[in-house]
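Just so it is clear, none of the values below were taken in a lab; they were calculated from the coordinates. Please read all numbers here as calculations on a predicted model, not as lab measurements. Don't worry about glycine lacking a Cβ; one is built from the backbone with ideal geometry, like all the others, and counts go over all protein chains shown.
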Amino acid sequence: MFNIILLGFSSLLTDISSEMIYPLLPIYLVIRLGASPAILGMIEGVAESLASLTKIFSGYFSDKFKSRKPFTIAGYFGSALGKLFLFISTSWLYVLVGRVIDRFGKGIRTAPRDALIAENAHEKRRGMAFGLHRAMDTSGACVGVLLAYFFITRFKGDFKDIFLFSLIPASLGVMILFLVKEKGGQKAASSRPLQFKWGVLDKRLKLFLIFTFIFTLGNSSNQFLLLRAQQLGNPLPKIILFYLLYNIVYGLVSYPAGKLSDRIGRKKLLVAGYLFYGLVYLGFAINNRVGGFWLLFAVYGLYMGFTEGVEKAFVSDIAPENLRATTIGLHAMLVGIGLLPASLLAGALWKFMGAAAPFYFGGCMGIISSIGLWFILKGV
């Protein structure tokens, strides 16, 4: 449990850094740098998808060498480095490079870190362990969003000042990882060649991975939600508060949702989470009232709280033990790769069919996914 808490604090500090920036980026790109919503979609899609290609490889080599910690440290360092490019940015190309490096770091760290969490948690408490990690991660997000709000409203902080300040918690998040201790048996490399074959995976896991990828095609970057709120007349400080509410709900729900999934199974929570996603995206399409965004961002937090940690626990549960990090990386890679066409499509729909179009599409995909998960996860 000590390692899980340390990993949680590292994620907390990193998310303070990231979420100081994230709700400001779409406004910074569109208003300050003159980029279009299509450019925003391209940046987010390319950054997430290119970085996601690393997730299965970092997981594979983590399994091969039976080592998690070095990959985790390298990944968190990449996220810190990416923020430096935002600080020196003078065009959207710098933002693209910064986001790619940041997401590349996430791609390196995700599978080894999640394997560390799974290996340091009791088999029947994995949902709780991943829920605790998500709760600590999202607590950092709440602090980061509050800091962004504080800088923007109290000190009228420039975007560049916030980007620079974000490097402090990012660096602390890397340093704390050196305190994590791996289990003794994980240091030595495997005596047998490690082979990953699709056929060795559980049938339910294969169906879930395929289905997750299809769903992701309708799951564009969260920055479109923030841009939608801005497009309907909300000032930047209020948009930051919307995003804060989302993170608060996400953080409060993650831990109890993880514990509940240990008791009643993963299926019900995943189905409910995908349903919330579909409904909230339809809400973003229909809503034209400023006050409606409070409810929409809160319900979106429920979706994340019900699915993020529970999905990781589910994949860890039924992945082959010697390929756990590889399988976790495969899941994360499929989700990330799907974000490129999803974000490009969302940007194109926004441009050619109106701002509501990508949300109608995402809402329909979420509801269809909720129904589909009910059938493919039989017995879970």
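Exposure proxy check: Ser254, Ser36 ranked by fewest other beta carbons within 10 Å? Let's see the in-between values first.
Values: Ser254 28, Ser36 14.
Lowest to highest Cβ neighbour count: Ser36, Ser254.
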Length added when fully stretched, Ser171-Trp198, from 0.36 nm per residue minus Cα-Cα:
6.0 nm
Table column - 3J(HN,Hα) (Hz), region 141-146, Karplus curve with 6.51, -1.76, 1.60, x for Gly and Pro:
4, 4, 5, x, 5, 4
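Provide the three semi-axes, in whole Å and in decreasing order, of the ellipsoid equivalent to region 202-302 as defined by the square roots of 5 times the Cα gyration tensor eigenvalues.
28, 17, 10
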At 25 °C and 0.890 mPa s, grab the translational diffusion coefficient of the chain from Stokes-Einstein with a Kirkwood Rh over Cα pairs, rounded to a whole number in µm² per second.
119 µm²/s
Put a dot 7 Å past each Cα toward the Cβ at Ala74 and Ser91; how far apart are the dots in nm?
3.2 nm
Please name which of Ala80, Leu232, Gly131 has its Cα lying farthest along the dipole of the chain towards the positive end, using unit charges on Cβ (Lys, Arg +1; Asp, Glu -1) and the Cα centre as origin.
Gly131
Just want to confirm a number: the relative contact order over the chain, from Cα pairs under 8 angstrom separated by 6+ residues, in percent.
30 percent
Using square roots of five times the C-alpha gyration tensor eigenvalues, list the equivalent-ellipsoid semi-axes of region 21-150 in whole Å, biggest first.
30, 18, 12
Exposure proxy check on Val271, Val253: fewest-to-most Cβ neighbours within 10 Å is Val271, Val253
Residue-ordered couplings for region 19-35, obtained by feeding phi - 60° into the Karplus form 6.51 cos²θ - 1.76 cosθ + 1.60 and rounding to whole Hz (Gly and Pro as x), are 7, 5, 9, 4, x, 8, 4, x, 6, 4, 5, 7, 7, 7, 9, x, 7
Quick check: Cα centre of region 293-366 to Cα centre of region 13-46, how many Å?
18 Å
Using θ = phi - 60° and the Karplus curve 6.51 cos²θ - 1.76 cosθ + 1.60, what whole-Hz ³J(HN,Hα) does each residue of region 240-248 get, with Gly and Pro shown as x?
4, 5, 4, 5, 5, 4, 4, 5, 5
Each label sits 7 Å from Cα toward the beta-carbon; between Ile5 and Leu164 the label points are separated, in nm, by 3.6 nm
Using alpha carbons only, how many angstrom separate the centre of region 200-257 from the centre of region 115-154?
15 Å
